[in-house]
1. Which one of Ser204, Ser194, Ser140 is in contact with a Leu (Cβ under 8 Å, 6 or more places away or on another chain) and among the polar types (S, T, N, Q)?
2. Among what's in region 237-270 and is part of a helix (DSSP H, G or I) and open to solvent by less than 40 Å² (accessible area, probe 1.4 Å), pick the residue that is farthest from Ser391 (Cα to Cα).
3. Do we find that Thr149 is at negative phi, open to solvent by less than 10 Å² (accessible area, probe 1.4 Å) and among the polar types (S, T, N, Q) in this structure?
4. Among the residues of region 301-321, is there at least one that is β-branched (Val, Ile, Thr) and closer than 29 Å to Gly221 by Cβ?
5. Check region 305-314 and report whether any residue there is over 22 Å from Asp209 (Cα atoms) and either within 17 Å of the chain's Cα centre (by Cα) or not in a strand (DSSP E or B) (or both).
Amino acid sequence: MAMTMTQKILAAHAGLDAVTAGQLIVADLDMALANDITAPVAVKEMEKVGGHVKYPDRVALVMDHFTPNKDIKAACQVKCTREFAKREQVRNFFDVGRMGIEHALLPEQGLVGAGDCVIGADSHTCTYGALGAFSTGVGSTDLAAGMMTGQCWFKVPAAIRFVLKGALPKYVTGKDLILHIIGMIGVDGALYKSMEFTGEGVSSLSMDDRFTVCNMAIEAGAKNGIFPVDEQTLAYMKGRFQRPVKVYEADADAEYEKTIEIDLSALKPTVAFPHLPENTKTAWENIPIEQVVIGSCTNGRISDLRQAAEILDGRQVAENVRCIVIPATQEIYLQAVREGLAEIFVKAGAVLSTPTCGPCLGGHMGILADGEKCVSTTNRNFVGRMGHITSEIYLASPYTAAASAVLGRLASAEEVLK
């Protein structure tokens, strides 16, 4: 029976020869992930039934949303998770000084990789599809069951195939690609589907581009996003990934609900206007802003910081703008220091933060006041997402965000560099 890439991974982890779209299965897990918001809920559910972690080495707990602790409640959340990790001998526990934003940290640490089946109590767990894994977000109760049993139930998703051609132009990134797709199909355009990317254009995308694309598959309603495993994928995992690499390929006659072709060379810098990721535009009028955020699990990797630094180097953040740069992990932070990026940011008048989700979810490190507008490299721009319900979020690439910081309004990189 012909299967998609996702279906092959699920079949293998369910111990089945084949699966079909809509089929209910129970699959073995390679990794179960939680953070400082979702882990305590799972811990309490486990305590109710006297449960324990079955495979401690297949669990990762990352304290990233409100860390360093922003208040007493956040501190208690982390304390609960810290004590649980110690009690259950979960070694993959990442706190202040070791932590990073979970979906950048786990690939960097080699805890997830090709062929894996991964769940996380965070909707952007779909990021790891960039490595050729099946990964998806679940609720804290399912996460608790996954930690206790080493398994999770799934409904096998149908798939949409995206055939990529050509290569992205200068100043156009993976963020622009996924915003273009969401703008085209809508926030429910891939509802409970697997978004499977293929075509000769895949090879032109960096791993960081692929992480960004898969990260925002959930913003199209998808169950997961996934890329084929190629030389770039294998090079990224070499020396990192801690388990044998398992490569799965879609069958040539696999069934897809639809196929969408995208010419990468035709894409332009794209911005999602308030208040949905599907509200995308490639041209805009003068929109003054008060804040820029460059970071998050979507765009806080080293290439993202390099792009922002390219624009900010030798320039100043506009007087009326607060620019916050957040490296996604400690290693990325160090790399930014080594390459001189940190100095560029500080000299430009930006703030360089410790790794944290921070403002992305309206947590801390950059909450918006009433009526304020923010250009952000994060993944969601819902009403009140980053602060006051009358604030506005414009989702964009690091190039566009940095350019906007310099000009004090929504702007493209080319406007700054011309």
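The values are calculated or read from the model by the stated rules, or taken from the named source; none is laboratory data. This one's a predicted model, so the numbers in the text were calculated from it and none came from an experiment. Neighbour counts are summed over all protein chains in view; Cβ atoms, including those assigned to glycine, are modelled from backbone coordinates with ideal geometry. Note: areas computed on protein heavy atoms with side chains; ligands, DNA, RNA excluded. Shrake-Rupley method; radii C 1.70, N 1.55, O 1.52, S 1.80 Å.
1. Working: Ser194 fails: in contact with a Leu (Cβ under 8 Å, 6 or more places away or on another chain); Ser140 fails: in contact with a Leu (Cβ under 8 Å, 6 or more places away or on another chain).
The unique qualifying residue is Ser204.
2. Residues of region 237-270 part of a helix (DSSP H, G or I): 237, 264-266.
Now narrow it down to the ones that are open to solvent by less than 40 Å² (accessible area, probe 1.4 Å): 237, 264.
Working: Met237: 40, Leu264: 32 Å.
Among them, the one singled out is Met237.
3. Details: at negative phi: yes; open to solvent by less than 10 Å² (accessible area, probe 1.4 Å): no; among the polar types (S, T, N, Q): yes.
No: the conditions fail for Thr149.
4. Pass one, region 301-321, residues β-branched (Val, Ile, Thr): 302, 311, 317, 321.
Retained after the next criterion (residues that are closer than 29 Å to Gly221 by Cβ): none.
Within region 301-321, none of the residues are β-branched (Val, Ile, Thr) and closer than 29 Å to Gly221 by Cβ.
5. Residues of region 305-314 that are over 22 Å from Asp209 (Cα atoms), as a first pass: 313-314.
Next, from what is left, pick out any that are either within 17 Å of the chain's Cα centre (by Cα) or not in a strand (DSSP E or B) (or both): 313-314.
Scanning region 305-314 turns up at least one residue that is over 22 Å from Asp209 (Cα atoms) and either within 17 Å of the chain's Cα centre (by Cα) or not in a strand (DSSP E or B) (or both).
Each row is one residue, and each column tells you yes or no for (1) in contact (Cβ under 8 Å) with a residue 24 or more places away in the chain; (2) of a type in the set (A, V, I, L, M); (3) open to solvent by 10 Å² or more (accessible area, probe 1.4 Å); (4) closer than 19 Å to Met99 by Cβ.
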residue: Cys323; (1), (2), (3), (4): yes, no, no, no
residue: Glu331; (1), (2), (3), (4): yes, no, yes, yes
residue: Leu334; (1), (2), (3), (4): no, yes, yes, yes
residue: Pro355; (1), (2), (3), (4): yes, no, no, yes
residue: Met365; (1), (2), (3), (4): yes, yes, yes, yes
residue: Phe382; (1), (2), (3), (4): yes, no, yes, no
residue: Ser391; (1), (2), (3), (4): no, no, no, no
residue: Ser404; (1), (2), (3), (4): yes, no, no, no
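Yes/no per residue for (1) open to solvent by 10 Å² or more (accessible area, probe 1.4 Å); (2) out of contact with any strand residue (DSSP E or B) (no Cβ under 8 Å at 6 or more places or on another chain); (3) under 20 Å from Ile226 (Cβ atoms):
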residue	(1), (2), (3)
Ile119	no, no, yes
Ser135	no, no, yes
Ala144	no, yes, no
Val163	yes, no, yes
Pro169	yes, yes, no
Tyr192	yes, no, yes
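Residues checked against (1) on the phi < 0 side of the Ramachandran plot; (2) in contact with a helix residue (DSSP H, G or I) (Cβ under 6 Å, 6 or more places away or on another chain); (3) surrounded by fewer than 22 Cβ atoms within 10 Å (Cβ to Cβ); (4) of a type in the set (Val, Ile, Thr):
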| position | (1), (2), (3), (4) |
| --- | --- |
| Val43 | yes, yes, no, yes |
| Met46 | yes, yes, yes, no |
| Thr67 | yes, no, no, yes |
| Asp71 | yes, no, yes, no |
| Gln77 | yes, yes, no, no |
| Arg91 | yes, no, yes, no |
| Leu105 | yes, no, no, no |
| Leu111 | yes, no, no, no |
| Ser123 | yes, yes, yes, no |
